[in-house]
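What follows is a short report on a single structure.
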Amino acid sequence: GQIELFTHVPVLHNFVEYLKRKNFTVCAVYLLDSQFVSDVTKYISGCMASLSAMIQLELPHINILSKMDLVSNKKDVEDYLNPEAQVLLSQLNRQMAPRFHKLNKALAELVDDYNMVNFIPLDLRKESSIQYVLSNIDNCIQYGEDADVKVRDFIPEEDD
(Lines give C-alpha, C1' and ligand atoms only; values in the text may rest on other atoms or scores of the structure.)
Protein backbone atom coordinates (compact mmCIF):
# COMPACT_ATOMS: atom_id res chain seq x y z
CA GLY A 1 0.00 0.00 0.00
CA GLN A 2 3.02 2.31 0.00
CA ILE A 3 3.59 2.83 -3.70
CA GLU A 4 5.50 6.04 -2.94
CA LEU A 5 8.37 3.99 -1.54
CA PHE A 6 9.44 2.97 -5.04
CA THR A 7 7.87 5.61 -7.28
CA HIS A 8 8.70 8.94 -5.66
CA VAL A 9 11.67 8.45 -3.38
CA PRO A 10 14.81 6.33 -3.76
CA VAL A 11 14.70 4.87 -0.24
CA LEU A 12 13.58 1.37 -1.23
CA HIS A 13 15.94 1.18 -4.20
CA ASN A 14 18.81 2.34 -1.97
CA PHE A 15 17.89 -0.25 0.66
CA VAL A 16 17.86 -3.01 -1.95
CA GLU A 17 21.29 -1.92 -3.21
CA TYR A 18 22.59 -1.98 0.36
CA LEU A 19 21.30 -5.54 0.86
CA LYS A 20 22.91 -6.65 -2.40
CA ARG A 21 26.25 -5.16 -1.33
CA LYS A 22 25.96 -7.21 1.86
CA ASN A 23 25.52 -10.35 -0.30
CA PHE A 24 21.82 -10.85 0.32
CA THR A 25 19.84 -12.37 -2.50
CA VAL A 26 16.79 -10.20 -2.99
CA CYS A 27 13.58 -10.40 -4.95
CA ALA A 28 10.55 -8.13 -5.02
CA VAL A 29 7.25 -9.58 -3.87
CA TYR A 30 4.45 -7.31 -5.02
CA LEU A 31 1.12 -7.84 -3.27
CA LEU A 32 -2.11 -6.82 -4.92
CA ASP A 33 -5.33 -7.21 -2.98
CA SER A 34 -7.53 -9.69 -4.86
CA GLN A 35 -10.61 -7.73 -3.87
CA PHE A 36 -9.09 -4.82 -5.79
CA VAL A 37 -9.16 -6.91 -8.98
CA SER A 38 -12.90 -7.02 -9.36
CA ASP A 39 -13.03 -5.54 -12.86
CA VAL A 40 -10.75 -4.96 -15.81
CA THR A 41 -9.95 -1.30 -15.09
CA LYS A 42 -8.72 -2.13 -11.60
CA TYR A 43 -6.77 -5.10 -12.96
CA ILE A 44 -5.00 -2.90 -15.54
CA SER A 45 -4.24 -0.36 -12.82
CA GLY A 46 -2.73 -3.09 -10.65
CA CYS A 47 -0.66 -4.36 -13.60
CA MET A 48 0.71 -0.89 -14.27
CA ALA A 49 1.65 -0.42 -10.61
CA SER A 50 3.36 -3.82 -10.63
CA LEU A 51 5.21 -3.00 -13.84
CA SER A 52 6.34 0.26 -12.29
CA ALA A 53 7.74 -1.63 -9.30
CA MET A 54 9.55 -4.04 -11.62
CA ILE A 55 11.16 -1.19 -13.52
CA GLN A 56 12.05 0.90 -10.48
CA LEU A 57 13.48 -1.89 -8.33
CA GLU A 58 15.25 -3.85 -11.09
CA LEU A 59 14.89 -7.11 -9.17
CA PRO A 60 13.58 -10.58 -9.82
CA HIS A 61 9.87 -10.12 -9.23
CA ILE A 62 6.89 -12.13 -7.99
CA ASN A 63 3.33 -10.77 -8.08
CA ILE A 64 0.94 -12.09 -5.45
CA LEU A 65 -2.82 -11.76 -5.53
CA SER A 66 -3.39 -11.62 -1.79
CA LYS A 67 -6.50 -12.16 0.31
CA MET A 68 -7.96 -14.84 -1.97
CA ASP A 69 -9.58 -16.30 1.15
CA LEU A 70 -11.81 -13.20 1.31
CA VAL A 71 -13.02 -13.36 -2.29
CA SER A 72 -16.59 -14.63 -2.51
CA ASN A 73 -16.62 -15.40 -6.25
CA LYS A 74 -13.18 -16.77 -7.16
CA LYS A 75 -14.14 -17.13 -10.83
CA ASP A 76 -14.14 -13.33 -11.21
CA VAL A 77 -10.53 -13.15 -10.03
CA GLU A 78 -9.30 -16.31 -11.77
CA ASP A 79 -10.11 -14.73 -15.12
CA TYR A 80 -7.30 -12.25 -14.45
CA LEU A 81 -4.57 -14.74 -13.50
CA ASN A 82 -3.62 -15.34 -17.17
CA PRO A 83 -5.84 -13.03 -19.20
CA GLU A 84 -5.96 -12.74 -22.98
CA ALA A 85 -5.15 -9.29 -24.38
CA GLN A 86 -8.18 -9.31 -26.70
CA VAL A 87 -10.50 -10.12 -23.80
CA LEU A 88 -8.99 -7.31 -21.72
CA LEU A 89 -9.35 -4.90 -24.62
CA SER A 90 -12.99 -5.76 -25.27
CA GLN A 91 -13.81 -5.45 -21.56
CA LEU A 92 -12.03 -2.09 -21.34
CA ASN A 93 -13.79 -0.77 -24.44
CA ARG A 94 -17.20 -1.80 -23.07
CA GLN A 95 -16.58 0.07 -19.80
CA MET A 96 -14.95 3.22 -21.13
CA ALA A 97 -15.85 5.98 -23.57
CA PRO A 98 -14.76 5.56 -27.21
CA ARG A 99 -12.16 8.32 -26.84
CA PHE A 100 -10.16 5.90 -24.62
CA HIS A 101 -10.13 2.98 -27.09
CA LYS A 102 -6.64 3.82 -28.41
CA LEU A 103 -5.30 4.01 -24.85
CA ASN A 104 -7.08 0.77 -23.96
CA LYS A 105 -5.45 -0.96 -26.93
CA ALA A 106 -2.01 0.27 -25.89
CA LEU A 107 -2.50 -0.88 -22.29
CA ALA A 108 -3.80 -4.32 -23.28
CA GLU A 109 -0.88 -4.76 -25.69
CA LEU A 110 1.58 -3.65 -23.03
CA VAL A 111 0.32 -6.30 -20.62
CA ASP A 112 0.33 -8.90 -23.40
CA ASP A 113 3.62 -7.98 -25.12
CA TYR A 114 5.72 -7.97 -22.00
CA ASN A 115 3.92 -10.94 -20.48
CA MET A 116 5.80 -10.15 -17.30
CA VAL A 117 2.80 -9.32 -15.19
CA ASN A 118 1.06 -12.38 -13.88
CA PHE A 119 -0.27 -13.06 -10.44
CA ILE A 120 0.00 -16.00 -8.08
CA PRO A 121 -3.11 -16.36 -5.90
CA LEU A 122 -2.53 -16.54 -2.15
CA ASP A 123 -5.19 -18.05 0.08
CA LEU A 124 -3.97 -18.04 3.69
CA ARG A 125 -6.43 -20.80 4.63
CA LYS A 126 -4.69 -23.26 2.31
CA GLU A 127 -1.23 -24.46 3.25
CA SER A 128 -0.66 -25.58 -0.34
CA SER A 129 -1.23 -22.00 -1.51
CA ILE A 130 1.36 -20.67 0.94
CA GLN A 131 3.82 -23.39 -0.07
CA TYR A 132 3.29 -22.58 -3.75
CA VAL A 133 4.03 -18.90 -3.17
CA LEU A 134 7.13 -19.73 -1.12
CA SER A 135 8.39 -22.15 -3.76
CA ASN A 136 7.99 -19.45 -6.41
CA ILE A 137 9.98 -17.04 -4.26
CA ASP A 138 12.66 -19.71 -3.67
CA ASN A 139 12.82 -20.30 -7.41
CA CYS A 140 13.01 -16.57 -8.09
CA ILE A 141 16.03 -16.10 -5.82
CA GLN A 142 17.43 -19.52 -6.76
CA TYR A 143 17.41 -20.58 -3.14
CA GLY A 144 19.28 -23.82 -2.67
CA GLU A 145 20.86 -23.73 -6.12
CA ASP A 146 24.34 -23.62 -4.61
CA ALA A 147 23.71 -26.44 -2.15
CA ASP A 148 25.72 -29.60 -2.56
CA VAL A 149 23.83 -32.48 -4.01
CA LYS A 150 23.88 -35.34 -1.56
CA VAL A 151 24.16 -38.70 -3.22
CA ARG A 152 24.03 -41.88 -1.25
CA ASP A 153 26.73 -44.34 -2.06
CA PHE A 154 25.31 -47.22 -3.94
CA ILE A 155 27.15 -50.44 -3.43
CA PRO A 156 25.80 -53.18 -5.63
CA GLU A 157 25.38 -56.52 -3.96
CA GLU A 158 27.91 -59.07 -5.04
CA ASP A 159 26.68 -62.15 -6.78
CA ASP A 160 27.14 -65.31 -4.72
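Numerical summary
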quantity: Any hit, the stretch 57-67, residues being of a type in the set (A, V, I, L, M), loosely packed, with under 15 Cβ neighbours inside 10 Å and in a helix (DSSP H, G or I); calculated: no
quantity: Residues located in the stretch 35-46, provided they are at pLDDT 85 or above and of a type outside the set (Val, Ile, Thr); calculated: Lys42, Tyr43, Ser45, Gly46
quantity: Selected residue (criterion: nearest to Ser72 (Cα to Cα)) from residues of the stretch 1-44 that are of a type in the set (S, T, N, Q) and open to solvent by 70 Å² or more (accessible area, probe 1.4 Å); calculated: Gln35
quantity: Conditions (1) assigned to a helix (DSSP H, G or I); (2) within 19 Å of the chain's Cα centre (by Cα); (3) not polar (S, T, N, Q); number of the one not met by Leu92; calculated: (2)
quantity: Residues (in contact (Cβ under 8 Å) with a residue 24 or more places away in the chain and open to solvent by 100 Å² or more (accessible area, probe 1.4 Å)) located in the stretch 93-112; calculated: Gln95
quantity: Test for Ser90: is it farther than 24 Å from Tyr143 by Cβ and among the small types (Gly, Ala, Ser); calculated: yes
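Each row is one residue, and each column tells you yes or no for (1) touching a Lys or Arg at 6+ places or on another chain (Cβ under 9 Å); (2) within 18 Å of Phe119 (Cβ to Cβ); (3) part of a loop (DSSP other than H, G, I, E, B).
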| residue | (1), (2), (3) |
| --- | --- |
| Gln2 | no, no, yes |
| Ser38 | no, yes, yes |
| Cys47 | no, yes, no |
| Lys75 | no, yes, no |
| Leu81 | no, yes, yes |
| Gln86 | no, no, no |
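The values are calculated or read from the model by the stated rules, or taken from the named source; none is laboratory data. Everything numeric in this text was worked out from a predicted model, so none of it was measured. Please note: Cβ atoms are built from the backbone with ideal geometry, for glycine as well, and neighbour counts cover all protein chains shown. Only protein heavy atoms, including side chains, enter the accessible area calculation; ligands, DNA and RNA are left aside. Shrake-Rupley method; radii C 1.70, N 1.55, O 1.52, S 1.80 Å.
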